[in-house]
Structure formats: C-alpha cells, structure tokens
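Note sheet for the following structure.
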Amino acid sequence: MEKNKIYNVPASFVSNAFIDEKKYQALYKHSIDNSDEFWAEQAKEFITWFSPWKSVQSGSFDKLDMRWFLEGKLNACYNCVDRHLEKRKNQIAIIWQGDNPDESLTLTYAALHEKICRFANVLKNLGVKKGDRVCIYLPMIPEIAIAMLAVARIGAIHSVVFSAFSSDSLKARILDADCKLLITADHGVRGGKNNPLKDHADKALEKCPNVKHVIVVKRTGAPITWNKERDVWYHEALQNANMECPAEKLDSDDPLFILYTSGSTGSPKGILHTTGGYLVYAAITHKYVFNYSEGDIYWCTADIGWITGHSYLIYGPLLNGATTLMFEGVPQYPNFSRFWEIIDKYNVNIFYTAPTAIRALHKEGDQWVKQTSRKSLKLLGTVGEPINPDAWEWYHRVVGDDRCPIVDTWWQTETGGILISPLPYATPLKPGSVGWPFFGISPEVVDEQGQAVEDGKTGKLIIKKPWPGLMKTIYGDQERFKETYFKEVPGCYLTGDGADRDTDGYFWITGRNDDIIKVSGHRIGSGELEAVLNSHPAVAESAAIGIPDDIRGNIIYAFVTTKSGIQPTELLKKELIQKVRDEIGPHAIVGNIQWAKDLPKTRSGKIMRRLLRKIASDELTDLGDTSTLADPGVVGDLISERKKIK
Ligand code: 7RM
C-alpha cells in the first residue's frame, strides 16, 4: 500500500465533530503560543477544583522542576465519581464483561460511589494514610477500579501491578515503592484459564515485611492459603464499612499513582504521576482524540496494569462521565468473534485496541468479523506499537465497514496521555501515521547533535516543552529521571522513539531507538531479560534484542554465552525460556535463543546490539561500521551459529 494514501472523513460523520481542520490549526497554535491561557481554560472546563490554582505552570526542562496548577486543590476520585452524581447517578459508569460470555454486571455512578466510599474506609481502618503506597495486583474485575479510586480518594498512592506478572516482578515493585498494603484476588480468570494470584502474592510477600495487610477479592472461590494475621476478605470488610467518606483535598502536585515500566537498562522504573496535571491531560485527550460525546459507550481493551488502562479505561472516561467497558477476557476466547460480539452486545460506539490484537484477528479471516453487525461503532483507535498499513486497512474496511475514522495514538507511560494522534474529523487519515500533535505538544525530530532534521528524514523524537500529563519523576530516583529523559538532548524530553515528519506535518513512528522491546504491545526491557538469563548458573553473559514479527510486532531473541565447560543444549534453551517466563511473566516470550561463544563488544565494553539485530534478522548485506569492535572475529562466529538454528 502506498505510504501517502489519504482517507478523508466520511461526510455523514463530519457533523458529529467537535473540531474541523481549521479549528484544530487555530487551537493548536493558541495552545503553543499562549500555553498558560490554554491550559487554564482546559483545567477549568475538565476538572472541579476544591480551590483554584494560583498559577498555571512553573519550572522548565532545564531545571526539571515542572509543576502544574500550583496550589490548586482537588481529588481524583471526586472528579471521576462524586461530581457526576447529581446528573448521572443512575447512568452506568462501568460495564463489566467477564471472561465467560454469560458473566457480566454493570455499576451505576451511584453504586460505584458507594463501593468506593466503603472501601476507602476499609483502607483507612487498616491504617492507610495520605501518601502511603498501596499495591494493587488484581485482574480485570470491577474491584480494580474501586480499589484505585478508593486509594485516590484518601490521598494514598496506587501502584497497580499487571496481574500476569510473576511473584518476583510483584515483589520487586512492592519493595521499590515500599507499599504497606496489597490488594489481590484468589484467582484471576482469562481465556478460560485460572491464574493463582493469591499464591503469587503469598510468595512475593515472603520478602516484603512492610506489607502488613492483604485484602483478597473472591473471584473464583477456589481454595487458597490464608494468613489469619494478615489477610482480609474484601467482601467481608466492605460489608462492615461505613459509607461516609469525604474525599481528601489534595494538592495538584500530590502524587496520584506510580506505575512501573521497563527501561532500556536496569530494573523497571516507578513512573510517578501527580494529580492535577495528569487528570486535566487524561480528560482533555479522552474527549478530543476519541470525539467522546455524551452517551457514547466506550471500550478500551487494554489491561489496567498498563498505562493505557489507567488513562483511557479509568481516569479519562470517568472524568468525562462516560460509560466505560471493562473486559476480563481475551480476543480469541471462546472464539475469534469475541470482540465484535461484545461490541454488538453493548452497542459500543468507540473501540480502542492494540495492533497486535488486530493482526492476530486479521489472520483468522473476515468471517469472524462479518458474522457480527458492529453498526454501533463510530470510531476506532489503536495504541502500543506501530500499526502496519495492511492491518490498518483491514481494521478500517472490515471492522469499521469503511465508515469509522481510526485514531492511531502515540504516547508512553511517562507522557500520561496521548501526545500525537489524528483528531477524528479534523485530520484526514494516513494509514501507518500517528498524525498530528495534540494541543500543547511540541514534538520535533532531531539528529545525533540534537538539531532538527528536514521533513522526511528520520531522527529521534523529542518534545520541546512541558505539558500537564508528563510524569513528575521516577519514584525515589530523580537522578535517573534526569539521565534517562533529559540528558541526551538538553532542555528537551527524549522519548526514546525514532520518527519522521512528512511535508504535511504527519508523524511516522519508526520504533524504539533504545533497548526497550515491545512484544504484543507489552513493554519489556532488554536489561531485565538479561538479568534473568544471567542469573542462571550455566550462563556467563547474554544479550536480548527484539526482532520483527508479523503478529506480535516484535519477538525476543537472546544471544547467550555459557560458562566455560558448560555444554549448550536444547534442554538448557528450554530451561532459560521457562525461567524468563517464570520470573517476569508469561508475556515475556523468548522466541529464540542463539548460543554465542562471545558477544560483540566495542572496545569500551558495550554490546553492539545493532549488529545482533541484523544477524538475528538475517540482514547480512550491510552490517554497518564494525571497526569499533574489540574482537571483529566474533561476527563470523555469530553468523555461522545463526545459520545452524534456522
Ligand atoms: C501507551 C503505551 C510506549 C512505547 C512508545 C512507542 C510505542 C505506543 C504507539 C507506539 C507506534 C503508536 N505506553 N508506541 N503507541 N509506536 N505507534 N501509536 O504503549 O509505555 O507501554 O510504551 O510504545 O515505542 O515509546 S508504553
């Protein structure tokens, strides 16, 4: 498909639009030229403040002391729930669809409010106070939303850990944030399979002495081990709790949550988001990017364990008073029509998912889609990795019946919300491009020296000016915050992605420039993978990279050097693959392991990953500059070993 094919917006839909192209251009210019004025207007429109801010923003990317809506007082839970009660107490806030098609429930805003207040009192009674960290290790059940909002209500800080993570990953995250309480479930259910969450939690907590209480949601009722001194059933505690619980008045700059995400090196980083800026940004982007209109049924398929679930399943939609759908299961269970059946069952209007899901369903053929109606759909979205034009075209033509605009939204855990995306109706669409910057966002593509490149040339994607959704810091590590994002191009936020901008101003993301690997949209760091591999007694050294895959976007390919005297065997390969799965989680799938006598290192000792990527993907015609290798001889060995495993 040609790169610059343009899809214009169907005329019948233009009348629904909030803004057209002209308005976008004018408002974008205003948001950059009069940033304070623009954000003041938005903060007033989207958030209810207990007391107003004194100034809109302060600080800079040079000093890294950015603050938003200074001295403003607000509460996230109040904004997501309480303030809607007057107008929409009987409106459904959350539709929950279980893994089993016959299991579902709905929560109105009033019901959600009651449960949150009770649960907030449970937390208080267990000693949770403002500023305390609470770890949430729950599957996709309504209690995860109740838990997050209850934590926010009392001014504590939630740290949600994706329920597919292993006990080791959970432990590391609990320890890093020094959480004092954990909320989990007996089991999780996904794709017809059970995940023994309480077992994982028990194991993790053996090494977490500061967690004094564990609240357990009964999801399946399957037997679990119970620690009488520590464990509390969610349903029992809730029943006995009072339902009066005023929302804590927090400062705009008070932390709202920590969410761990993989970096290119070292252990996962605790991305810390604060209250005022994050909420304003989540709300405005949810409204404009999805053209969210009163009454729309909105469905984001992301797991709440990732940032997309935080910003666009919980905070964004609830701030806008939407009905948000939460799905416990997977797209392939019980069959490949599952997504489309759910869309028909609830008349979903806005649907937001990941390229990997689209590609996996595309592969199964059109009949699974065509046997459903999908006539309620108005808008489609995608996020997490580049979408190839073929998948885009299928999503548009088959899923959206050529009728629905697609918003390909580019953003990161760190950015809090969507930074670059088409605005439906305002932006003619180019498949594979993430479109134009959102209001207030100033992206640039720069070269190695940090200079802007010409349109059409690929370079590093940076953002020049602060915006309200940006993370505050890496929890407990301001130095790492500075090093990772602000050192390479001083005064700018370094995204870590490569991109180019065409002459129409459209951005095209080429993928990560660093050692972060996106597998099925899940973010995994090569450093974490290598730490697991290297901890095996047979392993001397390893290097993990991502190589392109038709369905998953990327798969993990690891080069492993065994300790001297140890025979590399197929059995050892299997053991290492299993070890990564056990210690990180089942989403960390190592697709292939290649034995390496030595790894290609520069004279300064850095592994030349660029070379490994080429070898693993059989791109041997141009290996680039290898003159800085300490031992150029390793290249030949690696290539001949690669030939053996094909
Ligand atoms: C939201 C999320 C962030 C990384 C980012 C990119 C990649 C995300 C797109 C994309 C191309 C997109 N947060 N990415 N969205 N690449 N097109 N629309 O995914 O922190 O988990 O990952 O994901 O590389 O830097 S994340």
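With a requirement of 1 or more residues that are among the acidic types (Asp, Glu), the strands (runs of 3 or more DSSP E) lying completely within region 450-517 that satisfy it span 493-501.
On the basis of being among the polar types (S, T, N, Q) and open to solvent by 30 Å² or more (accessible area, probe 1.4 Å), does Gln594 make the cut? It is false that Gln594 is among the polar types (S, T, N, Q) and open to solvent by 30 Å² or more (accessible area, probe 1.4 Å).
Annotation: Pro139 fulfils all but one of (1) assigned to a loop (DSSP other than H, G, I, E, B); (2) surrounded by fewer than 24 Cβ atoms within 10 Å (Cβ to Cβ); (3) not hydrophobic (A, V, I, L, M, F, W, C); the unmet one is (2).
Considering Lys601, Lys574, Lys579, the condition of being among the charged types (D, E, K, R), under 28 Å from Ala357 (Cα atoms) and open to solvent by less than 80 Å² (accessible area, probe 1.4 Å) is satisfied by Lys579 alone. Summed over region 200-234, residues that are open to solvent by 80 Å² or more (accessible area, probe 1.4 Å) and closer than 27 Å to Pro101 by Cβ total 2.
For a quick check of your reading: which helices (runs of 4 or more DSSP H) sit entirely within region 313-419 and have at least 3 residues that are within 16 Å of the ligand (Cβ to nearest atom)?
It comes to 355-363, 389-394.
Applying a threshold of 8 Å to beta carbon distances and a minimum spacing of six or more residues, or different chains, the list of pairs starting in region 597-623 at a residue that is among the small types (Gly, Ala, Ser) and ending at one that is open to solvent by 30 Å² or more (accessible area, probe 1.4 Å) reads Gly605/Ala630; Ala616/Asn592; Ser617/Pro548.
Per-residue answers, yes or no, for (1) touching a residue at least 24 places away in the same chain (Cβ under 8 Å); (2) under 23 Å from Tyr260 (Cβ atoms); (3) within 13 Å of the ligand (Cβ to nearest atom):
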| residue | (1), (2), (3) |
| --- | --- |
| Lys482 | yes, yes, no |
| Lys487 | no, yes, no |
| Pro490 | yes, no, no |
| Gly521 | yes, yes, yes |
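Return a yes/no flag: does region 596-617 have any residue that is touching a Leu at 6+ places or on another chain (Cβ under 8 Å), assigned to a loop (DSSP other than H, G, I, E, B) and closer than 22 Å to Phe165 by Cβ. No: zero hits.
Condition check: at pLDDT 95 or above, under 27 Å from His273 (Cβ atoms) and surrounded by 22 or more Cβ atoms within 10 Å (Cβ to Cβ). Does Trp410 satisfy that? Considered against the rule, which asks whether it is at pLDDT 95 or above, under 27 Å from His273 (Cβ atoms) and surrounded by 22 or more Cβ atoms within 10 Å (Cβ to Cβ), Trp410 comes out as yes. For the criterion of being at pLDDT below 95 and either under 28 Å from Gly277 (Cβ atoms) or in contact with an Asp or Glu (Cβ under 6 Å, 6 or more places away or on another chain) (or both), Gly496 fails. Residue pairs whose Cβ atoms lie under 7 Å apart, sitting 6 or more positions apart in sequence or on different chains, and linking a residue in region 401-426 that is charged (D, E, K, R) to a partner that is part of a strand (DSSP E or B), are Asp408/Thr382; Asp408/Gly435; Glu414/Ile271.
Taking first residues from region 47-69 that are within 18 Å of Leu494 (Cα to Cα) and partners that are among the polar types (S, T, N, Q) and open to solvent by 50 Å² or more (accessible area, probe 1.4 Å), the Cβ contacts under 9 Å between residues at least 6 apart in sequence or on separate chains come to Leu64/Gln478. Residues of region 460-489 that are within 17 Å of Ser442 (Cα to Cα), in contact with a Leu (Cβ under 8 Å, 6 or more places away or on another chain) and either modelled with pLDDT under 95 or open to solvent by 60 Å² or more (accessible area, probe 1.4 Å) (or both): none at all.
Of Ala93, Ala110, all but one fail to be of a type in the set (Gly, Ala, Ser), touching a residue at least 12 places away in the same chain (Cβ under 8 Å), in a strand (DSSP E or B) and touching a helix residue (DSSP H, G or I) at 6+ places or on another chain (Cβ under 8 Å); the exception is Ala93.
Conditions (1) more than 23 Å from Val280 (Cα to Cα); (2) open to solvent by 20 Å² or more (accessible area, probe 1.4 Å); (3) not hydrophobic (A, V, I, L, M, F, W, C), marked per residue:
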| site | (1), (2), (3) |
| --- | --- |
| Thr372 | yes, no, yes |
| Lys375 | yes, yes, yes |
| Leu379 | no, no, no |
| Val398 | yes, no, no |
| Pro424 | no, no, yes |
| Lys430 | yes, no, yes |
| Ser442 | no, no, yes |
| Thr458 | yes, yes, yes |
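The residues listed here are Leu85, Leu64; of these, the one that is open to solvent by less than 70 Å² (accessible area, probe 1.4 Å) and either at pLDDT below 95 or assigned to a helix (DSSP H, G or I) (or both) is Leu85.
Residue check: is Ile589 under 20 Å from Ser169 (Cα atoms), open to solvent by 30 Å² or more (accessible area, probe 1.4 Å), in contact (Cβ under 8 Å) with a residue 60 or more places away in the chain and among the β-branched types (Val, Ile, Thr)? When the stated conditions are applied, Ile589 passes them.
The values are calculated or read from the model by the stated rules, or taken from the named source; none is laboratory data. Being a predicted model, the structure only gives us computed values, none of them experimental. Cβ coordinates were reconstructed from backbone atoms using ideal geometry, including for glycine residues, and neighbour counts include every protein chain displayed. Surface areas here come from the heavy atoms of the whole protein model, side chains and all, with no ligands, DNA or RNA. Shrake-Rupley method; radii C 1.70, N 1.55, O 1.52, S 1.80 Å.
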